[in-house]
Each structure stands twice: as C-alpha cells, then as structure tokens.
Amino acid sequence: METELHPALETVKFLLGQWEGAGVGGYPTIESFRFGQEISFSHNGKPYLIYNSRTWRLDDEGNLGQPLATESGYWRPQPEGRLEVIIAHPTGIAEIYLGEVTGTRAEMSTDIVARTETAKEVTAGKRLYGLIGEDLGYAYDLAAEGQGLQSHLSAQLKRVS
C-alpha cells in the first residue's frame, strides 16, 4: 500500500528513492580515498523525509571493501523553502542543519553539533545536495580535529528505485 506524500514534502520530493554510486573523500588528517555509497530518502506520510546513508571503501578495481561511515536522520521542510535536518552518527555525533531548498538543490549548514565524550571533535558542517541531470550529487564540507571548514566528501549517485 503506497502512502500519500505529505504536502510539506513537495519541495524535497526530488530526493525520494534509493540512490547508489561512488565518491571521493579526503581531509588534512586522513589520506584521500574512494568510496561506494547507498542513500535512501523515504517517507511515511508525515511531514519529514527519513534519511539513511551507508558507505564502503572502494578498492582500485572499484569493488566494495570495508564499511566506512553510516548516518541516519530526518529532513523537515519548512515554509518558504527553509529546511531543518537532523543527522545522527553511531560514532557519537549528532548534527542539526538549517538551510533551504531551491528547485532541485538543498543547501545547509550546521546550527548545532553535539558529540559524546569519546567522539571525534567535529565543530561544523556544510552540505549541498542536488540533481545533476537524473543523478544525485552532493558535497560535504567539514570542520573537525582543529581544522577549519573545508571539503571532505563528494559523490554522484544514480537512482536505483
């Protein structure tokens, strides 16, 4: 049984579905790497998207290797194109992003980053998600471990369902 899309999700419905693809990552505190990724955006009829992401290291031939990061959360569109996003990481970090949606592009920056005592020091993030033709592209800038906000991850994903 298909659940009816809540009217509040009209501005972000372009994100709905399962996306898969590959990207690149790097940061001054780690070596550059390639990764495979699955992202899903779903809904249950309520005024938010349910978000999940999983990544794996890619070897030189493009095969999936060890698991890397996972995160989950909720995207809460607001009036006038505003956006609130809550993302939790099993590494002890929780982020609240504020941003806006324009057409098929969502751009957001952290309002709050909270972390447990044993989590890495993350102080800020900025994310951009948008359609590139029929693909989903994104870029993630990060401020962590004493470094200023700078490029960390980017990927291009294809809708698989």
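General remarks:
- Heavy-atom accessible area order for His152, His6, largest first, 1.4 Å probe: His6, His152
- Protein-only accessible surface at a 1.4 angstrom probe places the residues Val113, Val24 in the order Val24, Val113, largest first.
- In this view, the solvent-accessible surface of Ile93, computed with a 1.4 Å probe and all protein chains in place, comes to about 20 Å².
- Per-residue surface analysis assigns Thr29 an accessible area of about 80 Å², computed on protein heavy atoms at 1.4 Å probe radius.
- Loop-located GluC sites (Glu not before Pro) across the range 8-105 with a Cβ neighbour count of 16 or fewer within 10 Å are Glu61, with loop assigned by DSSP.
- Residue order by solvent-accessible surface for Lys13, Lys120 is Lys120, Lys13, largest first, with ligands and nucleic acids left out and a 1.4 Å probe.
- Positive minus negative residues near Arg57 (Lys, Arg vs Asp, Glu; Cβ under 13 Å): -2
- Local electrostatic count at Ile86 - Lys and Arg +1, Asp and Glu -1, tallied over other residues with Cβ under 12 Å: -3
- Label point distance in nm, Ala8-Thr91, each placed 7 Å from Cα along Cα→Cβ: 3.0
- Between the range 135-158 and the range 26-55, the Cα center-to-center distance that results, in Å: 11
- Other residues lying with their Cβ under 12 Å from the Cβ of Gly17 contribute a combined charge of -1, Lys and Arg counting +1, Asp and Glu -1.
- With R₀ set to 41 Å, the beta-carbon distance separating Thr29 from Met1 gives a calculated FRET efficiency near 0.30.
- Pair-distance profile P(r), taking every C-alpha pair of the chain, with 10 angstrom steps and integer %: 11, 39, 37, 13, 1
- When the surface is traced with a 1.4 Å probe over the full set of protein chains, Thr11 keeps roughly 60 Å² accessible.
The values are calculated or read from the model by the stated rules, or taken from the named source; none is laboratory data. This is a predicted model, so every value here is computed, not measured. Neighbour counts run over all protein chains shown; Cβ positions are idealised from the backbone, glycine included. Ligands, DNA and RNA are stripped out before the accessible areas are found, and what is left, the full protein with its side chains, is counted by its heavy atoms. Shrake-Rupley method; radii C 1.70, N 1.55, O 1.52, S 1.80 Å.
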